[in-house]
């Protein structure tokens, strides 16, 4: 398991522990459910990402050094909660962190800022009235068009 996924797995475990402590300290249902559903969502992300992240080429496989002593005794805990790949059990290869192919991205763009402004106008339109929706929709459509055409150019 790559370090990025272990990071989210640790967050899920943390949210479960804090949610349990929060329940016994406050007996408040809404906050406890928020923490526990956050843990479930984070755990779901870890499972979905683990299934979808596959090495793209044989070069993406990095041989894992055999583990020793303490890490063999800790078993699954040492494998999934360890802070680096050297702590993983076994000598089988593992994928490099995320193994992403480099693609061309524009170096700078104004379109994310325009999309954020459009989202702001749409959100304010929910509060102050529909007169903000029209410029928000127009700006959102134009920023989406500009952002997508910039990526293909």
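What follows is calculated from the coordinates using simple rules that are stated; it is not laboratory data. Every value quoted in this text rests on a predicted model; they were computed, and no experiment measured them. Cβ: placed from backbone, ideal geometry, glycine included. Neighbour counts: every protein chain shown.
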| Roughly what would the spin-label model give for residue 20 and residue 142, points 7 Å off Cα along C-beta, in nm? | 5.5 nm
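Once you order the gyration tensor axes a ≥ b ≥ c over the Cα atoms, which shape class does segment 111-152 get: rounded for a/c under 1.5, otherwise prolate or oblate by comparing a/b with b/c?
On the way: a/c = 4.68, a/b = 2.58, b/c = 1.82.
Judged from the Cα gyration tensor, segment 111-152 comes out prolate (a/c at least 1.5, a/b above b/c).
To the nearest 0.05, how large is the calculated FRET efficiency for residue 7 and residue 128 if R₀ is 35 Å and r is the Cβ-Cβ distance? Don't skip to the answer; put the middle values down first.
Details: r = 39 Å, r/R0 = 1.12.
Once the sixth-power term is evaluated, E becomes 0.35.
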